[in-house]
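Engineer: Encoded as structure tokens, here's the structure I'll be asking about.
Laboratory data are not the source of any read-out in this text; all were calculated from the coordinates shown. All values derive from a computational prediction rather than experimental measurement. As a convention, Cβ positions derive from the backbone with ideal geometry for all residues, glycine included, and neighbour counts pool all protein chains shown.
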Amino acid sequence: MEEIYKIKNTSFIKHGDVYEDKSNYPEFQEKLSNFKNLIEDNFLNSLGKTFYKFGDGDYYFLKKIKFGSARPGRRALKKPYFLIPHRKFVKGAKLNDYYLNKIDKQHQGMFYEIFGRSMDFPSEFVYGLTANKWFFKNFPHDIGLIGADVKIQIIQRLMEKDEYKDYLNLEKFNDYISIPQNFAVDKLSKIEKNIKASLELSSSKIFLVGMGHVKSGLLHKLKAYKKMFNSLMSE
């Protein structure tokens, strides 16, 4: 792997060929520095911003291609596409502040087909800065989680163990906000109402979010429910 794609204190063991050629994304390190500065600036100035991490599953869902997690009955939705307000998800996906995507050409093509623009930052940043604990080291008292109920419960149990807290370099997460593990897309309105109530009572200034495809219809709205909301998609 080319040196330019390395993120400090991380190991990218199974990397693809795209990372063997520095010309594929020569501004990687510059963008990484800009990304960290942006997060810090948003935090210091209490700027509510949302960061939408795009993946191939989002492409299939937004295009109504019945594949993987976008197949009705698999995980994200149980109802067929004609019974959900799909246009709300397509419209909502385009209303976030910043967009992250993988640097390989296939994902870049998918992203452009949906959004008609280039990404703001590589999604590799979210993986790397979570793996090397950058978020936890820089914002140790201000992080909350929004995610699937089963995963949130597991993290809560792990955070009871000193070994896990030492591993994360984090004493606690301020907030745990749960959504259904399965078929969350079918329950958009109910989930929005529940998250709104939780955010209004929360103390976190940064949320790490993993909510699957329901994020397309919901993520952009969350900053309205809390003044300071830096949302980083990491699922």
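Engineer: May I ask which residue of GLY73, TYR112, TYR98 lies farthest towards the positive end of the charge dipole of segment 71-193, with charges of +1 (Lys, Arg) and -1 (Asp, Glu) on Cβ and the Cα centre as origin?
Structural biologist: Projecting each Cα onto the dipole axis, the largest value belongs to GLY73.
Engineer: Across segment 105-115, in residue order, what do the Karplus-derived ³J(HN,Hα) couplings come to in whole Hz, using 6.51 cos²θ - 1.76 cosθ + 1.60 with θ = phi - 60° and x for Gly and Pro?
Structural biologist: With the stated coefficients, segment 105-115 comes to 5, 4, 5, 4, x, 4, 4, 5, 5, 7, 9 Hz.
Engineer: Given Cβ point charges of +1 (Lys, Arg) and -1 (Asp, Glu) and nothing else, what value in debye, to the nearest 20, does the dipole of the chain about its Cα centre take?
Structural biologist: With Lys and Arg at +1 and Asp and Glu at -1, about 1320 debye.
Engineer: Output wanted: per-residue J couplings in Hz (rounded whole) for segment 177-188, from phi through Karplus 6.51 cos²θ - 1.76 cosθ + 1.60, θ = phi - 60°, x for Gly and Pro.
Structural biologist: For segment 177-188, the Karplus curve yields 10, 9, 10, x, 5, 10, 6, 5, 4, 5, 10, 3 Hz.
Engineer: Amide H to amide H, which residues 5 or more places from ILE179 or on other chains are under 5 Å from it, using H placed in the peptide plane?
Structural biologist: GLY147, ALA148, ASP149
Engineer: How high is the FRET efficiency between ASP41 and TYR164 when r is their beta carbon distance and R₀ equals 22 Å, given to the nearest 0.05? Walk me through the numbers on the way to the answer.
Structural biologist: Details: r = 30 Å, r/R0 = 1.38.
It comes to 0.15.
Engineer: Could you compute the FRET efficiency for SER203 and GLN181, with r as their C-beta to C-beta distance and R0 at 22 Å, rounded to 0.05?
Structural biologist: Numbers: r = 25 Å, r/R0 = 1.14.
Efficiency at R0 = 22 Å is approximately 0.30.
Engineer: Moving on to the next point. Before anything else, pin down the relative contact order of segment 3-233: Cα pairs under 8 Å, at least 6 apart, normalised by residue count, whole percent.
Structural biologist: Details: 344 pairs, mean separation 63.9, N = 231.
Computed over segment 3-233, the figure is 28 percent.
Engineer: Around ALA93, what is the net charge, scoring Lys/Arg as +1 and Asp/Glu as -1 over all other residues with Cβ under 9 Å from its Cβ?
Structural biologist: +2
Engineer: Amide H of TYR99 versus every other amide H placed in the peptide plane: which residues, excluding those fewer than 5 positions away on the same chain, fall under 5 Å?
Structural biologist: Answer set, sorted by chain and number: TYR52, ASP120, PHE121.
Engineer: Report the calculated FRET efficiency for LYS91 and TYR112 (r = Cβ-Cβ distance, R0 = 22 Å), to the nearest 0.05. Walk me through the numbers on the way to the answer.
Structural biologist: Values: r = 18 Å, r/R0 = 0.81.
Here the calculated transfer efficiency is 0.80.
Engineer: Can you check what the net charge comes to around ASN194, using other residues whose Cβ is under 12 Å from the Cβ of ASN194 (Lys, Arg +1; Asp, Glu -1)? Intermediate results must be reported in sequence, preceding the final value.
Structural biologist: Numbers: positive: LYS187, LYS190, LYS193, LYS196; negative: ASP149, GLU192, GLU200.
Local charge sum for ASN194: +1.
Engineer: I'm a student and want to see the number: the projected area of the Cα convex hull of the chain, averaged over all directions, in nm².
Structural biologist: Working: hull surface 49.7 nm².
In nm², the orientation-averaged hull projection of the chain is 12.4.
Engineer: Output wanted: per-residue J couplings in Hz (rounded whole) for segment 93-100, from phi through Karplus 6.51 cos²θ - 1.76 cosθ + 1.60, θ = phi - 60°, x for Gly and Pro.
Structural biologist: Using θ = phi - 60°, the values come out as 4, 8, 10, 8, 8, 9, 10, 10 Hz.
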